[in-house]
Amino acid sequence: MNLHATIFIVFSIVLLTATVPTVADDDLGLTQEQLSIESLVIDLLTPFLGEYGPLARDVINMAREGLGLIGFIKTVGNQIFNGTSIEINFGTDKKILTIFEFLSKKIDQVEHGVIGVEESLRHLSQSLPSLLRWEIALESLGEYIGILDTYYKRFIFYQKEKDKIESHTLQDFAESVVGHNMDSVMTLMALIHNKAVPNGKPLRAAPSQHTIENGSPYSGALLSSPQERNYRQLMLMTEKTGKQGRMERFSIQSSIFKMLNDVLENYDNCLLSQSPQQLIYGLYLKVALAEARGYSMISFSYMLLRAKGHGNFSAEQIYSEEMYRQYTADILHEAKKVMSAASTRYRRCDPPKHTEGETFVQLNELLQGIIENEVDMNKDGTCRKNCAHYDYVQSEGCFSSDTQYCGNDRRCSGTLHECQFFDADAYVCKSNDPYRRYDWIEYENKVHFGPGGKCNGEKVKVDSWWRWFVHCSYCICLCDDGDSKTTDRFISLMPALSDTNRNMVITGIRIIKRNQVIHLQIQQGQALPQGQVNTTTLEWQQVEQINVHSSSHQDGLHFKKLSFEYRTMDLDTLTGLNNHVVTGIRFRSLEKRMHIEIQVNPINFTTGEIEAFNGVWVNNGNDMENITAGRGEITVADSDIPTRYNGATQITAEDNSYIEFGQSSLHKDISQSTVPFFDAQKVSPIQPAWLSGVGIYHKSREGTGGFLGLQVLTYNISEHL
C-alpha cells in the first residue's frame with residue numbers, strides 16, 4: 001500500500017477515535033465483525049506507533065491541549081515521514097469499508113455531547129428578540145460551523161468511497177481545505193475562533209518556543225518568504241498589526257460564551273431543559289469539535305499534498321499546529337471562566353396544563369374543613385360555649401342522627417381544630433369527590449364559601465337550632481383524622497439508591513404517589529468518563545411499595561404519617577464534596593419535621609468509576625437542638641389550590657427555609673384540600689449528566705398554596721477542563 005493510501009487510513013483512524021465518551025462500544029449495536037476490525041486496526045498499527053490502543057481510545061480528551069489531537073497527529077506524522085516505508089495489509093475491501101462504517105458510528109457519537117444545545121440556543125433567540133447582538137453572533141457562528149461541517153461530511157464520503165475517488169478530486173479537496181479564500185477550512189477556523197473568543201491572545205507570527213523545543217513531524221521549522229506571506233494573508237483577515245509590531249484583534253466584543261451567560265442571567269432557565277452550565281459546556285463542545293475537525297482535515301491535507309510531491313509544507317504544518325493550539329487554548333480558557341460562574345441548577349417549568357398524577361400529586365385530608373355542631377364537641381352535650389371555644393377537641397357523637405345534619409355527614413374520628421362561626425343557617429353542596437366533603441357552602445347572610453356553580457352532589461339545608469334559651473350553632477372546624485380511609489398523608493422514608501455496583505449514578509428525580517404514600521423516585525444511568533452518561537442504560541427505578549395498613553411497614557421507620565402536630569417540611573439544597581456524585585436520596589424524619597438527605601460517592605472524573613462502597617449521607621447540618629435556627633418560615637395556610645390558575649409561578653423559597661402543610665382557603669375552597677401540592681414532573685436534564693446535588697423548594701402564585709418541587713445540580717465540569 002502506498003504512502004497516499006496510508007495517510008488516508010491513518011486519518012480515518014484519527015476520526016474513528018475522535019469521540020466524546022458517551023456510550024460503550026458494546027452498546028452501539030456494532031457487529032462482531034466491526035468490533036474485530038477495530039482490534040485489527042490497533043494490532044496492525046502497534047508495531048510502528050508503539051502502544052497504540054490507549055492512545056487511540058483517548059484521542060479526544062477535553063482536559064488535554066488541543067483536545068489531544070496535536071500529540072496524536074505528531075506521533076502519526078513522525079512515523080510516516082521520518083520512518084521507513086509503511087506497508088499495511090488491511091485485508092479485503094469489505095473490511096476496509098467496515099472500518100469506515102464503524103467510523104460513521106463513532107463520529108455520530110460526538111453529537112451526543114451536545115444534546116439539546118441547538119434547540120435551547122434557538123429557543124433563546126426566539127424568546128428574546130430584543131437581544132439582537134446575541135442572535136447575530138449565534139447565527140454567524142452557526143453559519144461558519146455549518147460550512148465546516150459540509151467539508152467534514154465530504155471528507156467522510158471520500159473515505160467511504162476511497163476506491164472510487166480520483167486522485168485529482170482528493171488533491172482539489174486538500175487545496176480547498178488549506179487555501180486562503182474566505183470559505184476554506186483554514187479561514188473558517190479563524191472565523192469561528194474570532195466569533196467565539198474575539199479578544200483571545202494574538203496568534204504568534206513565528207513558531208512558539210513550545211513547538212521548537214518539542215519538535216514537529218516535519219523538518220525545516222523556519223518559514224520561507226512565500227510561506228510567510230501565505231499565513232500572514234490569513235492572519236490579516238482577523239487581525240491588524242499594532243504600533244509595536246504586535247498582532248492585535250479588531251473586535252472588542254464579548255465572547256460567545258460570555259454573551260450566552262449574560263442572556264441566561266435574565267432568562268427563566270427552566271426552559272432550557274438543562275442547567276445553564278450544561279448549555280454553555282455544550283456550546284463549548286460544539287465549537288471545540290468544529291475546530292478539531294478542521295485541524296484534522298488541515299493536517300490530512302498537508303500530509304496528502306506532501307505525499308504527492310507538491311512540497312514539504314513543514315512551515316505550514318507548524319503554523320496550523322500553532323494556530324490550533326492557540327485557538328483551543330483561547331476557547332477552553334474563556335469557556336472555563338464563564339462556566340465556573342454559571343449556575344448548575346436545573347428545575348422544571350410550570351406545565352401549560354395540570355394533570356394529577358402526571359404534573360402534580362397532593363396530600364389529602366391532612367386538615368380538612370368540616371361542619372360540626374357545638375353540641376357534639378363536648379361530652380356533656382351542651383351549647384353553653386361558642387364555636388371559637390372549641391380547639392383541639394374531638395367529636396363526641398351525634399346529638400340526633402335522625403333530625404340533625406351530623407346524621408347525614410361523614411364524621412371526623414380524629415381531632416377538631418380552629419372552629420369558627422359565620423352564620424346560623426346555610427345550604428351545603430356535598431361533593432361527589434371521595435377526597436372532599438363539600439363543593440360549596442352558602443349562608444343565608446350571603447357569605448359564600450367555595451367556587452360556586454351548580455351543585456353536582458346532594459344539596460342539603462343546615463340550620464342551627466335552639467335548646468331552650470341556648471343556641472346550638474353549627475361551626476366550621478378543621479378535621480385531623482389520621483384513620484380516615486381516604487386520607488393520603490404518608491411520606492416514604494425508604495432511600496432511593498442507584499446501583500453503584502454497576503457504576504450507576506442518579507441522573508434524574510421526581511415525586512410520585514403510590515398507595516396513599518408520597519415517594520422519591522430516581523432515574524439512574526451508567527457513569528462514563530469525563531462526566532458523561534451511557535444513555536442506553538437510563539432507567540427509572542421502581543419505588544418500594546409501602547402498605548401503611550400492614551404491620552410489616554411501621555410509622556417512623558418505613559414511612560411517616562403526618563398530622564396537625566407533625567407537618568413541617570424543611571427546604572434545602574444539598575451538595576456533596578468535590579469529586580462526588582449523587583447516588584441516593586431520601587426523606588428523613590427528625591423531631592417534628594421532614595427534610596431530604598442525599599447520598600454521595602467519590603468518582604474518578606477521568607475514568608468515570610465510582611467508589612461503590614464509600615457512600616456517605618449528607619443533610620443540611622442542623623442538629624436536633626438547633627433545627628430551626630436561621631430558617632425562614634413560608635406560610636401557605638388558607639391559600640387557594642394552585643391548579644386553579646394558569647401561568648408561571650415564582651420561587652418563594654429554596655434554601656434554609658421551612659413550610660407547614662396546611663388547609664386550603666376557607667373562602668375559596670372550604671379548606672377541603674391540603675397545600676402545598678407536589679410538582680410531580682420529571683427533573684432530568686435532556687443531556688444526561690452526573691449530579692452533585694439535589695434541592696427541594698417552594699414555588700407559588702400570589703394567593704395560592706403553590707407546589708413543592710425538586711431541583712438538581714449538575715456536576716461542575718469546569719473544574720476538570
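The values are calculated or read from the model by the stated rules, or taken from the named source; none is laboratory data. Quantities reported herein were computed from a predicted structural model and do not represent experimental measurements. Please note: Cβ atoms are built from the backbone with ideal geometry, for glycine as well, and neighbour counts cover all protein chains shown.
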Exercise. So is ILE670 within 25 Å of ARG514 (Cα to Cα) and assigned by TED's automatic domain parsing to the domain that holds ILE603 or not?
Worked result: no
For this session: Using the structure shown, decide if ALA612 is assigned to a loop (DSSP other than H, G, I, E, B) and at pLDDT below 90.
Result: no
For this session: Could you tell me which of the residues ILE596, ILE506 is out of contact with any Phe, Trp or Tyr (no Cβ under 7 Å at 6 or more places or on another chain), touching a residue at least 24 places away in the same chain (Cβ under 8 Å) and hydrophobic (A, V, I, L, M, F, W, C)?
Result: ILE506
For this session: Search region 297-316 for residues being surrounded by 23 or more Cβ atoms within 10 Å (Cβ to Cβ) and polar (S, T, N, Q), and hand back the single one that is nearest to LEU170 (Cα to Cα).
Result: SER301
For this session: Collect the residues in region 253-292 that are surrounded by 24 or more Cβ atoms within 10 Å (Cβ to Cβ) and among the charged types (D, E, K, R), keeping them in residue-number order.
Result: GLU291
Exercise. Going by the structure shown, is GLY450 surrounded by fewer than 17 Cβ atoms within 10 Å (Cβ to Cβ) and touching a helix residue (DSSP H, G or I) at 6+ places or on another chain (Cβ under 7 Å)?
Worked result: no
Exercise. Just for region 353-391: of the residues that are of a type outside the set (D, E, K, R) and assigned to a helix (DSSP H, G or I), which one is surrounded by the fewest Cβ atoms within 10 Å (Cβ to Cβ)?
Worked result: ALA388
Exercise. Looking at region 471-499, which of its residues are closer than 25 Å to THR607 by Cβ and either part of a strand (DSSP E or B) or among the acidic types (Asp, Glu) (or both)?
Worked result: LEU497, ASP499
For this session: Just need a number here: residues in region 282-323 that are outside any helix (DSSP H, G or I) and out of contact with any Lys or Arg (no Cβ under 6 Å at 6 or more places or on another chain).
Result: 5
For this session: Filter region 573-593 for residues that are touching a strand residue (DSSP E or B) at 6+ places or on another chain (Cβ under 8 Å), of a type outside the set (Lys, Arg) and free of Cβ contacts under 8 Å to residues at least 40 places away in the same chain and give the result.
Result: LEU577, ASN579
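Residue-by-condition table, conditions (1) outside any loop (DSSP other than H, G, I, E, B); (2) over 18 Å from the mean Cα position of the chain (by Cα):
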| residue | (1), (2) |
| --- | --- |
| ASN501 | yes, yes |
| VAL505 | yes, no |
| GLY508 | yes, no |
| LYS513 | yes, yes |
| ILE518 | yes, yes |
| GLN545 | no, yes |
| TYR566 | no, yes |
| MET569 | yes, yes |
Exercise. Out of (1) farther than 21 Å from ILE512 by Cβ; (2) of a type in the set (D, E, K, R); (3) surrounded by 14 or more Cβ atoms within 10 Å (Cβ to Cβ), the odd one out for LYS561 is which?
Worked result: (1)
Problem set entry | Cβ pairs under 9 Å, 6+ apart, first in region 348-363 and at positive phi, second aliphatic (A, V, I, L, M) | GLY357/ILE512; GLY357/ALA680
Problem set entry | Among residues of region 112-159, those that are among the β-branched types (Val, Ile, Thr) and modelled with pLDDT under 65, counted | 2
For this session: Go through (1) in a helix (DSSP H, G or I); (2) touching an Asp or Glu at 6+ places or on another chain (Cβ under 8 Å); (3) at pLDDT below 50 one by one and return the number of the condition ILE212 breaks.
Result: (2)
Exercise. Is region 453-463 home to any residue that is closer than 25 Å to ARG345 by Cβ and either buried (at least 16 other Cβ atoms within 10 Å of the Cβ) or among the aromatic types (Phe, Trp, Tyr) (or both)?
Worked result: no
